[in-house]
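What follows is calculated from the coordinates using simple rules that are stated; it is not laboratory data. As the structure is a computational prediction, the values presented were derived from the model and not from experiment. Cβ coordinates were reconstructed from backbone atoms using ideal geometry, including for glycine residues, and neighbour counts include every protein chain displayed.
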Amino acid sequence: MEIKTIGVIGAGTSGRGIAYAALLGGYRTVLEDVSLEMREQGSAFIAQTLAEGVLRGEVTPEQKEKALANLSTARSVEDVCREADLLIEAVPEEMEVKLEIFTIFDKFAKPGAILASNTSSLSITEMASITFRAEDCIGMHFLDPMPKMKLLEIVRAPGTSEATLRTCFEVGRQMGKEVVVILESPGFVTNRINALIGNEAFYMLQEGVASAEDIDKALKFGLNHPMGPFELVDLVGLDVRLTNLEYLQETLGEKYRPCPLLTEYVKAGRTGRKAGRGVYDYGKEATKK
């Protein structure tokens, strides 16, 4: 199937980033969320990021106008299913929620549409198993922050067809991403390694080895990471990282046991930027204190 329209389910940090990449790739893009506020915030993020790209010379004014013209929003997954050739869910990292979305995909998506998950660690096979079209199911793991990160991990489940794989590979390249293909495995490649790095950073913070700011600075300027581990976890959510670590501990062993400090922060509601406080505090100006 030729991909003309991409539907993105969930307008949070990941969903709006995927929509931005799809629009820059020239695709008509429908961003869905049940929350009007999230849809508006997602659209505003895309418009602002495009404008900043023009100022930096990374996006042409023509690309910006075309992208904005190709963007629409929806409040119903069913409505998106009826028109999208490629559906990408970017809902919370909980299998029950993703299974619910894939059930809707299976019922309402048009024949031949590709059903993709942006999960960073969960099983594509399990999601595909509740559909009657396992050959159309695949993982497309975009890394945060998406406007900056070039990598796309395409995760192939045992039932994924060659046609689905080829199509998603080309979509990723059209979005300007560097694409790698991975056989399904817990945590894939990046999250499996990044979870260890982020968890170790929490242990160092807990032990007083260095401040959060200095740990972030060390990895950015010493290892050329685009963001420090604490900046990154505040962006994606400490609760998301904790869920991923618990899953990886269950599937891959004790080396992924979450640091007690991370668990403590999540229990205290310190889940990152979305909560106004994570490792760092975020005031109205979103500055670190």
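With springs connecting C-alpha atoms under 10 Å apart, model the chain as a Gaussian network and identify which of Asn194, Asn224, Asn244 has the largest mean-square fluctuation.
Evaluated over the chain, the most mobile residue of the options is Asn224.
Could you give P(r) for segment 2-146, binned at 10 Å from zero, as whole percent values over all Cα-Cα pairs?
13, 44, 32, 10, 1
When a footprinting reagent is the concern and you count Cβ atoms within 10 Å, what order do Phe108, Phe221 take, fewest first? Display every interim value, and only then the final one.
Numbers: Phe108 16, Phe221 10.
So the residues, fewest neighbours to most, are Phe221, Phe108.
Over all Cα pairs of segment 181-274, how is the pair count split among 5 Å bins, expressed in % and running from 0 up to the last occupied bin?
Cα pair-distance distribution for segment 181-274, in percent: 3, 14, 24, 25, 20, 10, 3, 1.
Determine ³J(HN,Hα), in whole Hz, for all residues of segment 231-244 in sequence, where each value follows from phi through the Karplus function 6.51 cos²θ - 1.76 cosθ + 1.60 and θ = phi - 60°; x replaces Gly and Pro.
Values per residue, Gly and Pro as x: 4, 5, 5, 5, 6, 7, x, 5, 5, 5, 4, 5, 4, 4 Hz.
Which is the longest run of the chain containing none of the GluC sites (Glu not before Pro) found in DSSP loop states (not H, G, I, E, B) with at most 10 other C-beta atoms within 10 Å? The partial results should precede the final answer.
Values: sites that count: Glu2, Glu285.
Of all site-free stretches, the longest is 3-284.
For the chain, what proportion of DSSP beta bridges, expressed in % and rounded to the nearest 5, is antiparallel?
Working: 6 of 32 bridges.
Percentage antiparallel, nearest 5: 20.
On a straight-distance basis, which aspartates and glutamates could pair with Lys66 in a cross-link, Cα separation under 17 angstrom, same-chain partners fewer than 8 positions away excluded?
Glu52, Glu58
Could you work out the percent of alpha carbon pairs in the chain separated by over 25 Å, rounded to a whole number? It would help to have the intermediate numbers written out before the result.
Details: 19470 of 41616 pairs.
That tail contains 47 percent of the Cα-Cα pairs.
Can you compute the charge dipole magnitude of segment 38-123 about its Cα centre, using +1 on each Lys and Arg Cβ and -1 on each Asp and Glu Cβ, nothing else charged? Give it in debye, rounded to the nearest 20. Can you show the working numbers first?
Details: 9 positive and 15 negative charges, 43 e Å.
The dipole of segment 38-123 has a size of about 200 debye.
Report, in debye and to the nearest 20, how large the dipole of segment 5-183 comes out about its Cα centre when Lys and Arg carry +1 and Asp and Glu carry -1 on their Cβ. Numbers along the way, then the final one.
Values: 18 positive and 26 negative charges, 101 e Å.
Approximately 480 debye in magnitude.
Cα-Cα over 18 Å: which of Lys4/Lys98; Lys4/Lys150; Lys148/Lys220? Please list the in-between numbers first.
Working: Lys4/Lys98 24 Å; Lys4/Lys150 22 Å; Lys148/Lys220 14 Å.
Cα-Cα > 18 Å for Lys4/Lys98; Lys4/Lys150; rest within.
Which of the aspartates and glutamates could a cross-linker bridge to Lys255, judged by Cα under 14 Å and excluding same-chain residues fewer than eight apart?
Glu200, Glu246
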